[in-house]
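This report refers to the structure that appears directly beneath it.
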Amino acid sequence: MYIPIDIAEVRTQEGKLYLIVAIEWTNGQVERMNRTLKEATVKTSVLGFSQ
């Protein structure tokens, strides 16, 4: 599978360097990532790790 990725470096006036990554995802990939993040958040909350 081929996923196009755009990468850019941005430096602020204060000198901080940020790496920005843009990935073109299909709707199915986005839905899977959202589900994974939701499950991880719920597990963390249930286990008492969140503050």
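Points worth noting:
- Each other residue within a Cβ distance under 12 Å of VAL21 adds +1 if Lys or Arg and -1 if Asp or Glu, for a net charge of -3.
- Karplus-derived 3J(HN,Hα), 6.51/-1.76/1.60, for each residue of region 8-15, Hz, glycine and proline x: 9, 9, 10, 10, 7, 5, 7, x
- Theoretical gain in end-to-end length, ILE5 to GLU24 [0.36 nm per residue, Cα-Cα removed]: 6.2 nm
- The packing ranking, built from the mean of other Cβ atoms within 10 Å per residue, places the peptides 30-40, 7-17 in the order 30-40, 7-17, highest first.
Only the coordinates and a few stated rules stand behind these numbers; no lab work does. Bear in mind the structure is a predicted one, so any value in this text is a computation, not a measurement. All Cβ positions, even for glycine, are placed from backbone atoms using ideal geometry, and neighbour counts span all protein chains on display.
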